[in-house]
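Quick notes on the structure that follows.
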Amino acid sequence: MPRPTPPTDRVLARRREVGAQIRHVREYLNLSQPELCHRAGLDVPTYSRIEGGKSSPLLDTLIRIAEALDVDLAVLVTVGAAVPDGDGDDR
């Protein structure tokens, strides 16, 4: 089986943007990394690599993070997306 090609600079930059957006939402909701990891069923080192843009999460992992934050998945992958006010109408 051939090895996958390494990510391009553009992909790496986008990965960092998504990680920063996830961090922004988490901080906006006043959650620590351990609190979010507990809610999402993730270990802190794995989550930290995602938030830092050093790791590409699986879609299932992104869904778990979005559910733990109680936001739509699109909020996490859309840079600059507004964070919902948490009344449940944005899901």
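The values are calculated or read from the model by the stated rules, or taken from the named source; none is laboratory data. Everything numeric here is computed off the predicted structure, so don't read it as measured data. So basically every Cβ, Gly included, is an ideal-geometry build from the backbone, and we count neighbours across all protein chains shown. Areas reflect the complete protein model, heavy atoms only, side chains present, ligands, DNA and RNA absent. Shrake-Rupley method; radii C 1.70, N 1.55, O 1.52, S 1.80 Å.
Go through (1) in contact (Cβ under 8 Å) with a residue 24 or more places away in the chain; (2) farther than 20 Å from T78 by Cα; (3) aliphatic (A, V, I, L, M) and name the single condition I22 misses.
Unmet condition: (2).
On the given criteria, is V11 among the β-branched types (V, I, T), over 20 Å from A82 (Cα atoms), without any contact (Cβ under 8 Å) to a residue 60 or more places away in the chain and in a helix (DSSP H, G or I)?
Judged against the criteria, V11 is a match.
Which condition breaks for D72 when tested against (1) surrounded by 14 or more Cβ atoms within 10 Å (Cβ to Cβ); (2) out of contact with any Lys or Arg (no Cβ under 7 Å at 6 or more places or on another chain); (3) not polar (S, T, N, Q)?
(2)
Out of the residues in the stretch 14-54 meeting the condition of being acidic (D, E) and in a helix (DSSP H, G or I), tell me which one is least open to solvent (accessible area, probe 1.4 Å).
Of all residues in the stretch 14-54, those acidic (D, E) come to 17, 27, 35, 43, 51.
Those left that are additionally in a helix (DSSP H, G or I): 17, 27, 35, 51.
Working: E17: 86, E27: 102, E35: 89, E51: 5 Å².
Within the stretch 14-54, the match that is least open to solvent (accessible area, probe 1.4 Å) is E51.
Just the residues that are surrounded by 14 or more Cβ atoms within 10 Å (Cβ to Cβ) and assigned to a helix (DSSP H, G or I), please, taken from the stretch 55-66. Steps first, please.
Here is the first cut: in the stretch 55-66, the residues surrounded by 14 or more Cβ atoms within 10 Å (Cβ to Cβ) are 55-57, 61-66.
Matches in the stretch 55-66: T61, L62, I63, R64, I65, A66.
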